[in-house]
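S.K.: The following block contains the structure, expressed as structure tokens.
The values are calculated or read from the model by the stated rules, or taken from the named source; none is laboratory data. Values in this document were obtained by computation on a predicted structure and should not be read as measured data. Methodologically, a virtual Cβ is constructed for each residue, glycine included, from the backbone with ideal geometry; neighbour enumeration extends over all protein chains shown.
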Amino acid sequence: MYPGPVFEGWGTALAWFAHVTGGWPRAEREALADRLFGHDGLAFSIARYNIGGGNAPGIAPYLRVGADVPGDPESFDGMASPLAFAEHVVGDLRRLEPSAWVFWQAVETVSARGGAKGSNWGLIKADLSAGDDAAHVLHLTRKYWVMAQVSRYIAPGYALVRVDDPDTVGALSPDQQRLVLVHVNAGPALRRIVVPSGWHAQRVLTDATHGAACVAGLEAAPRSVVTLILTRRPVKDACAW
């Protein structure tokens, strides 16, 4: 096993949503930040801030609130968009071997209202059109938990490693005692995952009924994302978070 580039971390751009949520009460701002950057959230370590931009004088506004772009009907628990997202992330890590991966718009507005079918942009949904003094409910989508499958376990300092399976990305800890494998099964059939010899495995699962949950077994259920935490020695609760 030959480690590749060292991975520096995960993050999000703050465009749009930070401008809106910056006026929320402090407790709500901190709750949102914890969902993205906290240990109990996605453990992001990078924040990208955009400066400048805007419409030229005389040009009517053309971006919808929260950059809400039409697409599949909005669903907090559906797996179609999360699986496509997972394939995108795994493909990026495999092909590009980046030093970091930054999400464009982690927080999006709730968009299925007024007869509109909405969209599935973002990891967290909130009503970004509500006033600063309104109650701001954070909806964690299934895509949020797919993000957790990679951002919680492929930590800064891990090195990407080559994996023969095209639906799997791997990363090795700096001490080479922990190997993380993230596998996307977007198909209708169960897949059995073969663990390399000499490793002990624990599984984290996101599917229609699980959100980055530690579960027994080594299979990848249909339409699911699985993270295997492999350790050289048996470690109790290696997948706990």
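S.K.: Looking only at the range 160-168, decide whether some residue is surrounded by 13 or more Cβ atoms within 10 Å (Cβ to Cβ), among the β-branched types (Val, Ile, Thr) and in contact with a helix residue (DSSP H, G or I) (Cβ under 6 Å, 6 or more places away or on another chain).
M.R.: no
S.K.: Quick check on residue 215: is it in the same structural domain as residue 168 (by TED's automatic domain parsing) and either touching a Gly at 6+ places or on another chain (Cβ under 7 Å) or of a type in the set (S, T, N, Q) (or both)?
M.R.: Judged against the criteria, residue 215 is not a match.
S.K.: Could you tell me whether any residue of the range 211-218 is within 22 Å of residue 73 (Cα to Cα) and modelled with pLDDT of 95 or more?
M.R.: Yes, the range 211-218 contains a residue that is within 22 Å of residue 73 (Cα to Cα) and modelled with pLDDT of 95 or more.
S.K.: Of the residues that make up the range 165-179, is at least one among the basic types (Lys, Arg) and outside the structural domain of residue 34 (by TED's automatic domain parsing)?
M.R.: Yes: the range 165-179 contains one or more residues that are among the basic types (Lys, Arg) and outside the structural domain of residue 34 (by TED's automatic domain parsing).
S.K.: Just one of (1) in contact with a strand residue (DSSP E or B) (Cβ under 7 Å, 6 or more places away or on another chain); (2) modelled with pLDDT of 95 or more; (3) assigned to a helix (DSSP H, G or I) trips up residue 10, so point out which.
M.R.: So residue 10 meets the others, but not (3).
S.K.: Between 161, 150, 184, which is touching a Leu at 6+ places or on another chain (Cβ under 6 Å) and under 18 Å from residue 89 (Cα atoms)?
M.R.: Checking each option against the conditions leaves just 161.
S.K.: Could you figure out which of (1) surrounded by 20 or more Cβ atoms within 10 Å (Cβ to Cβ); (2) more than 24 Å from residue 140 (Cα to Cα); (3) touching a Lys or Arg at 6+ places or on another chain (Cβ under 7 Å) isn't true of residue 231?
M.R.: Answer for residue 231: the failing condition is (1).
S.K.: Looking at (1) surrounded by 14 or more Cβ atoms within 10 Å (Cβ to Cβ); (2) touching a residue at least 24 places away in the same chain (Cβ under 8 Å); (3) hydroxyl-bearing (Ser, Thr, Tyr), find the lone condition where residue 99 falls short.
M.R.: (1)
S.K.: Cβ-Cβ under 7 Å, sequence separation 6+ or interchain: first residue in the range 124-146 and over 26 Å from residue 86 (Cβ atoms), partner buried (at least 19 other Cβ atoms within 10 Å of the Cβ) and β-branched (Val, Ile, Thr). Which pairs?
M.R.: 127/109; 127/110; 129/109
S.K.: Here's another thing I want to ask about it. Which numbered condition trips up residue 136, out of (1) at pLDDT 90 or above; (2) farther than 16 Å from residue 12 by Cβ; (3) out of contact with any Ser or Thr (no Cβ under 9 Å at 6 or more places or on another chain)?
M.R.: All conditions are met except number (3).
S.K.: Here are some conditions: (1) part of a helix (DSSP H, G or I); (2) surrounded by fewer than 20 Cβ atoms within 10 Å (Cβ to Cβ). Residue 147 meets all but one. Which one does it not meet?
M.R.: Unmet for residue 147, out of (1) part of a helix (DSSP H, G or I); (2) surrounded by fewer than 20 Cβ atoms within 10 Å (Cβ to Cβ): (2).
S.K.: When the residues of the range 205-228 are filtered to those that are in contact (Cβ under 8 Å) with a residue 12 or more places away in the chain and small (Gly, Ala, Ser), which remaining residue is surrounded by the most Cβ atoms within 10 Å (Cβ to Cβ)?
M.R.: In this case the residue turns out to be 224.
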